[in-house]
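What follows is one structure encoded as structure tokens, with my remarks underneath.
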Amino acid sequence: MQVDSPPAQSSPLILETLPNPSLPTPDCPRRVRVDLDLLMLAIEALDVAGSEALLKTVEQLALKAIISGRVKLWLIRGTNPMRRHSQRSPMSIDEAKALTVVVCFLAKRLTVLIRQLLLGYQQLSDKQLGLEHHFRLADYLQRFRSLFKARMNPQRAGVIAYSTDDKLNELAMMLLTRLLFCTGTQGPQRLWSSLFDGEVV
Amino acid sequence: MTVLRHYTLPNCSLMVEGLSSGEETDPMAPMTVLLNTEFTFPGMKETLSGGREFLEALAKAVGRYSQSILSGISDPTVEAVSETRPVVLQPSENHRHQLTAKVADSHGKDVDKTLTLSTVQIFDLQEAIDQLVADAQTLPDMTLHMAPLHRRHVRPAEPVSKQVVPVAAGVSMLAASAALLFMLPVPEVRIETEDQETTSQVESETDSGDTGASSPPDLEGPDVDADSDTTGTTSATSSDADADINADAEGADATVEAAPVVTQAEAAAALTRLSTAPEVIDPEAIARLETDLLAVLESELANPVQFEEVLIYRVAVSESGDLLGYKYDNDPAIESVNDTPLPELTFVPVDPEQVLEEPVAQFRVTFEPDGAIAVEPISDSE
């Protein structure tokens with residue numbers, strides 16, 4: 001039998017584990033775009049080579065069909081409305097799934113560090129000590145703050161809410177906690193499900 | 001065969017005790033019947049233990065809670081511990097989490113047990129359950145239920161009481177402003193004719209421009225109308241309108257120029273005064289006045305002539321030869337009146353209210369663009 005056209009490209013198998021949410025719109029809601037980008041920002045703050053690791057993971061997980069390269073990744077992350085160079089283009093469900101899988105994969109690799117930081121954070125807050133007493137934690141927070149300030153548009157209302165260092169530290173710790181929950185056995189499913197909390201109909 | 005399985009994580013370990021359904025000799029037979037589960041947290045004396053129901057309730061509560069940590073949206077359906085909800089998780093102070101569970105104590109009685117766990121402990125608890133569910137060798141019929149929260153479960157960001165405040169403030173402000181405005185009187189509707197408005201303007205201008213002696217109350221509309229009715233000579237309304245136009249065009253001059261210079265308004269006023277004056281009847285006198293007027297006008301007319309069209313005026317002259325007033329007979333005459341000697345020659349009465357008793361002669365003066373001037377007498381009948 002002769003085939004005129006190549007078989008239709010199906011989405012990578014790894015994404016099939018994530019169910020399609022029943023959304024009122026075909027594209028991802030605003031919160032999904034913001035949360036995924038911020039989680040990646042937290043990974044970059046944890047790992048100096050984080051942005052390269054993101055691209056390598058895309059390749060490793062055979063997600064090149066969805067995220068073809070550096071520019072595409074930048075464009076997808078640019079759908080976060082808080083960004084300086086925010087794209088008005090939407091984020092497709094497949095792109096969101098791919099990013100979810102990538103984030104969880106990288107979080108799993110950073111499990112030990114994430115646990116150390118969170119345990120240290122708990123100890124510091126139990127003793128009412130400042131965050132600067134934990135060197136590695138202070139380093140993460142400092143990196144996160146500078147990345148956030150460099151990439152986010154300070155004019156946006158969503159960014160103005162994080163104008164002080166304390167607020168940014170709070171955000172960084174919340175993202176670190178989220179990353180911990182991404183490291184689990186069911187991490188991708190749990191993260192994916194949580195992204196659409198309050199959005200499904 | 002009794003099977004014991006351990007799921008050990010750094011901050012939480014789960015021990016599951018159950019029976020395998022397969023043959024006694026098959027080590028790979030899955031555990032299908034759960035007898036007991038026990039969660040222990042290193043560094044804590046408290047343990048959580050229970051049967052299948054407890055495990056499933058715990059799995060559900062922890063799953064839901066960890067999702068709320070991930071999304072930042074808390075589950076609005078969380079309530080106190082009850083028969084239907086044996087396990088409840090709530091955020092506690094200092095980044096900790098409070099787990100309350102209804103468990104059976106050593107005597108078989110249900111008691112509420114409360115544990116305060118750190119974030120990492122909660123995660124390890126959830127991970128232990130996830131590993132148990134993922135393990136095909138242990139309780140293969142156990143599944144996870146994971147679903148995003150429905151839109152209607154998400155509480156609005158602001159409570160209703162807060163949402164009501166701006167609305168109430170808006171309504172009360174509207175009521176207050178309405179009450180204040182109610183105190184103010186309703187503005188009176190004053191319908192004014194254009195004539196009255198402009199004559200009053202003329203009045204004020206002449207007052208400010210002159211000595212004040214020439215304030216002409218006889219300029220006012222109703223008076224003029226009455227005059228024209230009784231005498232029937234010149235149409236008072238038209239003279240009125242002329243005065244208006246001049247006043248508008250030359251008002252600025254009137255206020256600036258010195259007293260001897262006659263303004264248009266004054267000239268017109270003088271003319272309206274004349275409407276009741278008697279007429280010079282003697283033809284010889286009229287002829288003399290005509291030649292005198294022509295001579296004066298010719299000597300005073302600016303050279304070269306500034307206007308480009310024929311200008312026609314009606315001019316009133318006293319018996320002594322004084323120019324008492326003038327009025328326009330065509331439109332260019334209005335526009336170019338300042339280029340003629342008429343405004344400067346006109347005699348301004350000292351008391352405009354005084355009725356003129358000396359006889360006057362009326363002439364039609366025509367200024368040609370080439371400088372020629374024609375003067376011809378007008379009889380009263382015209």
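The values are calculated or read from the model by the stated rules, or taken from the named source; none is laboratory data. This is a predicted model, so every value here is computed, not measured. Here the Cβ positions follow ideal geometry from the backbone for every residue, glycine too, while neighbour counts run over all protein chains shown.
In segment A:45-79, how many residues are within 21 Å of A:Leu117 (Cβ to Cβ) and of a type in the set (D, E, K, R)?
Of the residues in segment A:45-79, 1 are within 21 Å of A:Leu117 (Cβ to Cβ) and of a type in the set (D, E, K, R).
Condition first: of a type outside the set (Asp, Glu), in contact (Cβ under 8 Å) with a residue 60 or more places away in the chain and surrounded by fewer than 19 Cβ atoms within 10 Å (Cβ to Cβ). Now tell me which residues in segment A:30-47 satisfy that.
A:Arg31, A:Val34
Does segment B:150-164 contain any residue that is touching a residue at least 24 places away in the same chain (Cβ under 8 Å), within 14 Å of chain A (Cβ to nearest Cβ) and of a type in the set (Gly, Ala, Ser)? Can you show your working first?
So in segment B:150-164, the residues touching a residue at least 24 places away in the same chain (Cβ under 8 Å) come out as B:153-155.
Next, only the ones that are within 14 Å of chain A (Cβ to nearest Cβ) stay: B:153-155.
Applying the additional criterion that residues be of a type in the set (Gly, Ala, Ser) yields none.
No: segment B:150-164 contains no residue that is touching a residue at least 24 places away in the same chain (Cβ under 8 Å), within 14 Å of chain A (Cβ to nearest Cβ) and of a type in the set (Gly, Ala, Ser).
Kindly indicate which of B:Val315, B:Val348 is buried (at least 21 other Cβ atoms within 10 Å of the Cβ) and either out of contact with any strand residue (DSSP E or B) (no Cβ under 8 Å at 6 or more places or on another chain) or not polar (S, T, N, Q) (or both).
On inspection, the qualifying residue turns out to be B:Val315.
Name the residue, out of B:Thr119, B:Thr143, that is of a type in the set (Ser, Thr, Tyr) and either more than 9 Å from every other protein chain (Cβ to nearest Cβ) or within 16 Å of B:Arg52 (Cα to Cα) (or both).
None of the other options fit; the residue is B:Thr143.
So which residues in segment A:1-29 are assigned to a loop (DSSP other than H, G, I, E, B), modelled with pLDDT under 80 and surrounded by fewer than 12 Cβ atoms within 10 Å (Cβ to Cβ), if there are any at all? Full working, then the answer.
Let us first name the residues in segment A:1-29 that are assigned to a loop (DSSP other than H, G, I, E, B), namely A:1-12, A:18-29.
Now narrow it down to the ones that are modelled with pLDDT under 80: A:1-12.
Across segment A:1-29, the qualifying residues are A:Met1, A:Gln2, A:Val3, A:Asp4, A:Ser5, A:Pro6, A:Pro7, A:Ala8, A:Gln9, A:Ser10.
Could we say that B:Leu115 is touching a helix residue (DSSP H, G or I) at 6+ places or on another chain (Cβ under 7 Å) and assigned to a strand (DSSP E or B) here?
Against the criterion (touching a helix residue (DSSP H, G or I) at 6+ places or on another chain (Cβ under 7 Å) and assigned to a strand (DSSP E or B)), B:Leu115 does not qualify.
Considering every residue within segment B:299-307, establish whether at least one is out of contact with any Gly (no Cβ under 8 Å at 6 or more places or on another chain), in a helix (DSSP H, G or I) and either at positive phi or modelled with pLDDT of 80 or more (or both).
Yes, some residue in segment B:299-307 is out of contact with any Gly (no Cβ under 8 Å at 6 or more places or on another chain), in a helix (DSSP H, G or I) and either at positive phi or modelled with pLDDT of 80 or more (or both).
Residue check: is A:Glu170 under 23 Å from B:Gly63 (Cα atoms) and modelled with pLDDT under 90?
no
List pairs: first residue in segment B:37-66 and closer than 29 Å to A:Phe196 by Cβ, second residue at pLDDT 85 or above and β-branched (Val, Ile, Thr) anywhere in the structure, Cβ distance under 6 angstrom, at least six positions apart or on different chains.
Close Cβ pairs satisfying both conditions: B:Leu55/B:Thr37; B:Ala59/B:Ile129.
Just name the residue that is nearest to the other protein chains (Cβ to nearest Cβ) out of those in segment A:131-169 that are surrounded by fewer than 16 Cβ atoms within 10 Å (Cβ to Cβ) and in a loop (DSSP other than H, G, I, E, B).
This residue is A:Ala161.
Return the residues of segment B:54-86 that are at pLDDT below 85, touching a strand residue (DSSP E or B) at 6+ places or on another chain (Cβ under 6 Å) and not hydrophobic (A, V, I, L, M, F, W, C); say none if nothing qualifies.
B:Pro86
Anything in segment A:170-197 that is within 9 Å of chain B (Cβ to nearest Cβ) and either in contact with a Cys (Cβ under 7 Å, 6 or more places away or on another chain) or outside any helix (DSSP H, G or I) (or both)? List them, or say none.
Here is the first cut: in segment A:170-197, the residues within 9 Å of chain B (Cβ to nearest Cβ) are A:173-174, A:177-178, A:180-187, A:189-197.
Answer for segment A:170-197, where residues must be within 9 Å of chain B (Cβ to nearest Cβ) and either in contact with a Cys (Cβ under 7 Å, 6 or more places away or on another chain) or outside any helix (DSSP H, G or I) (or both): A:Cys182, A:Thr183, A:Gly184, A:Thr185, A:Gln186, A:Gly187, A:Leu191, A:Phe196, A:Asp197.
Please specify each residue of segment B:1-52 satisfying the condition of being within 14 Å of another protein chain (Cβ to nearest Cβ) and either over 30 Å from A:Thr111 (Cα atoms) or among the basic types (Lys, Arg) (or both).
Selection gives nothing.
Answer yes or no as to whether B:Ser92 is of a type in the set (Gly, Ala, Ser), more than 17 Å from A:Thr177 (Cα to Cα) and in contact with a strand residue (DSSP E or B) (Cβ under 6 Å, 6 or more places away or on another chain).
no
Taking into account only those residues within segment B:53-67 that are touching a helix residue (DSSP H, G or I) at 6+ places or on another chain (Cβ under 8 Å) and among the small types (Gly, Ala, Ser), which is nearest to the other protein chains (Cβ to nearest Cβ)?
The extreme case among them is B:Ser66.
Return the residues of segment A:94-116 that are surrounded by fewer than 24 Cβ atoms within 10 Å (Cβ to Cβ), closer than 18 Å to B:Leu70 by Cβ and more than 14 Å from the chain's Cα centre (by Cα); say none if nothing qualifies.
A:Thr111, A:Arg115
Based on what the data block shows, is A:Gln128 in a loop (DSSP other than H, G, I, E, B), surrounded by fewer than 16 Cβ atoms within 10 Å (Cβ to Cβ) and of a type outside the set (Ser, Thr, Tyr)?
For A:Gln128, the condition - in a loop (DSSP other than H, G, I, E, B), surrounded by fewer than 16 Cβ atoms within 10 Å (Cβ to Cβ) and of a type outside the set (Ser, Thr, Tyr) - is met.
Evaluate segment B:34-42: report whether one residue or more is within 15 Å of B:Ile129 (Cβ to Cβ), touching a strand residue (DSSP E or B) at 6+ places or on another chain (Cβ under 8 Å) and not in a strand (DSSP E or B).
Yes: segment B:34-42 contains one or more residues that are within 15 Å of B:Ile129 (Cβ to Cβ), touching a strand residue (DSSP E or B) at 6+ places or on another chain (Cβ under 8 Å) and not in a strand (DSSP E or B).
Among residues belonging to segment A:72-98 that are closer than 16 Å to A:Arg151 by Cβ, in a helix (DSSP H, G or I) and hydrophobic (A, V, I, L, M, F, W, C), point out the one that is nearest to the other protein chains (Cβ to nearest Cβ).
A:Ile76
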